[in-house]
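Student: Take this structure first; my questions come after.
The values are calculated or read from the model by the stated rules, or taken from the named source; none is laboratory data. Keep in mind it's a predicted model, so treat the numbers as computed, not measured. Glycine also receives a Cβ, built like all others from the backbone with ideal geometry; neighbour counts cover every protein chain displayed.
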Amino acid sequence: MEDQNMSLLSERASSPDPAEGLQAVAALSRLLNELETLHVINARRSGWSWREIADHLGVTKQTVHRKHHGAC
């Protein structure tokens, strides 16, 4: 079922219909945020510093801390 959802999102993201494309982009953005939070939590539980996480995400330490400190 998950593969079907991803295939559908992929199709919708490349749709020439702006409404479909934008809805797909919004869904993908939510998914990406959830995945980022999950992996930041995993990294913190594994002893990673905010600096290490930020370096891997390509953002500043302040950005990643501000975004995720409440989840960790």
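Student: Those residues that are within 15 Å of VAL64 (Cβ to Cβ) and hydroxyl-bearing (Ser, Thr, Tyr), I need them from segment 1-45; list them, please.
Tutor: If the condition is that a residue be within 15 Å of VAL64 (Cβ to Cβ) and hydroxyl-bearing (Ser, Thr, Tyr), then THR37 is the only one that fits.
Student: When segment 27-72 is examined, which residues are found to be in a helix (DSSP H, G or I), of a type in the set (S, T, N, Q) and either exposed (fewer than 15 other Cβ atoms within 10 Å of the Cβ) or free of Cβ contacts under 8 Å to residues at least 24 places away in the same chain (or both)?
Tutor: Scanning segment 27-72 gives SER29, ASN33, ASN42, GLN62, THR63.
Student: With the structure loaded, tell me whether ARG12 is at pLDDT 95 or above, surrounded by 13 or more Cβ atoms within 10 Å (Cβ to Cβ), assigned to a helix (DSSP H, G or I) and touching a helix residue (DSSP H, G or I) at 6+ places or on another chain (Cβ under 9 Å) or whether it fails that test.
Tutor: Details: at pLDDT 95 or above: no; surrounded by 13 or more Cβ atoms within 10 Å (Cβ to Cβ): yes; assigned to a helix (DSSP H, G or I): yes; touching a helix residue (DSSP H, G or I) at 6+ places or on another chain (Cβ under 9 Å): yes.
Criteria not met by ARG12.
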